[in-house]
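Student: The structure follows.
Coordinate-derived values only; no laboratory data. Please read all numbers here as calculations on a predicted model, not as lab measurements. Here the Cβ positions follow ideal geometry from the backbone for every residue, glycine too, while neighbour counts run over all protein chains shown.
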Amino acid sequence: MSELAIQGRINQKGQFITNDNGKLHEFFGQNKGRTAIMRVEAYIPNTRSEMKGYYYGKIVHDLQQIFLETGVSATIGECDLWLRSKLPCMYKQISLKSAESEIMDTEELSKDQWMMLIDRSTQLVAETFKYII
């Protein structure tokens, strides 16, 4: 069985926009004549607290289960830190002179940053573990 996980956004015209069109076309080209099942999920949290709940309750929890299935025991906090440490968008520069940076705390994230964290985390998990959240 051949699988592909891609992530994108649905624009105001109702069109699916992704940076992974190449992967999508390559996948279809490699599977000519086969039957395909497509599963699409759309989620738009409204508030920072809903996004936080979705991130910890769904994304981080699912990652914890993935780790357990591979024999790695990790806490929710360790899974959260693993995700945020892998995402360049979650780093903030703390020194202009030395280019020193640190991972942002989730308490300081804006709504837009939460949306980015959710989008990039689901994409990272899909690409790394072939698991669609």
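Student: Helix 111-129 against the longest principal axis of the chain: what's the angle in degrees, Cα atoms only, rounded to the nearest 10?
Tutor: 50
Student: The stretch 90-133: which trypsin sites (Lys or Arg not before Pro) are DSSP loop and have at most 14 other beta-carbon atoms within 10 angstrom?
Tutor: Hits after loop and neighbour filter: Lys97, Lys130.
Student: Further question: Most exposed first by the Cβ proxy, i.e. fewest other Cβ within 10 Å, how do Cys89, Cys79 rank?
Tutor: By the 10 Å Cβ count, ascending: Cys89, Cys79.
Student: What is the set of long-range amide H partners of Ser101 at a cut-off below 5 Å, with H atoms built 1.01 Å from backbone N?
Tutor: Ile94
Student: Separate question: Can you give the angle from 0 to 90° between the axis of helix 76-85 and the longest principal axis of the chain, with both taken from C-alpha atoms, to the nearest 10?
Tutor: It works out to around 80 degrees.
Student: Among Gln30, Gln113, Leu81, whose Cα sits farthest toward the positive end of the charge dipole of the chain (+1 at Cβ of Lys/Arg, -1 at Cβ of Asp/Glu, about the Cα centre)?
Tutor: So the residue we want is Gln30.
Student: A further question on this structure: If you bin the C-alpha pair distances of the stretch 1-42 every 10 Å from 0, what whole percents do you get?
Tutor: Taking every Cα pair in the stretch 1-42, the percentages come to 23, 53, 22, 2.
Student: Further question: With a 10 Å Cβ neighbour count serving as the proxy for reagent exposure, in which order, fewest first, do Lys52, Lys23 appear?
Tutor: Starting with the residue having the fewest Cβ neighbours, the order is Lys23, Lys52.
Student: Further question on the same structure: What are the ³J(HN,Hα) couplings of the stretch 70-75, residue after residue, when phi is run through the Karplus curve with 6.51, -1.76, 1.60 and θ = phi - 60°? Round to Hz, x for glycine and proline.
Tutor: 9, x, 10, 8, 9, 7
Student: Quick one: angle between helix 21-30 and the longest Cα principal axis of the chain, in degrees between 0 and 90, rounded to 10, please.
Tutor: For 21-30 against the chain, the angle is about 40 degrees.
Student: Moving on to the next point. Given a Förster distance of 22 Å, report the FRET efficiency between Ile10 and Ile37 from their Cβ-Cβ distance, rounded to the nearest 0.05.
Tutor: For R0 = 22 Å, the calculated efficiency reads 0.65.
Student: I'm spelling it out carefully: the read-out is Kirkwood radius over Cα pairs in Å, the candidates are (1) 19.6; (2) 14.5; (3) 16.7, and one was derived from this structure. Which label?
Tutor: For Kirkwood radius over Cα pairs in Å, the calculated option is (3).
Student: Running a GNM on the chain with Cα contacts under 10 Å, which residue among Leu68, Leu117, Leu87 ends up with the highest mean-square fluctuation?
Tutor: Leu68
Student: If I take the Cα coordinates of the stretch 36-111 and project them onto the principal axes, what are the three extents in Å, biggest first?
Tutor: The principal-axis extents, from largest down, are 51, 34, 28 Å.
Student: Here is a follow-up. Where the only charges are on Cβ atoms (+1 Lys, Arg; -1 Asp, Glu), what is the dipole of the chain about its Cα centre, to the nearest 20 debye?
Tutor: 520
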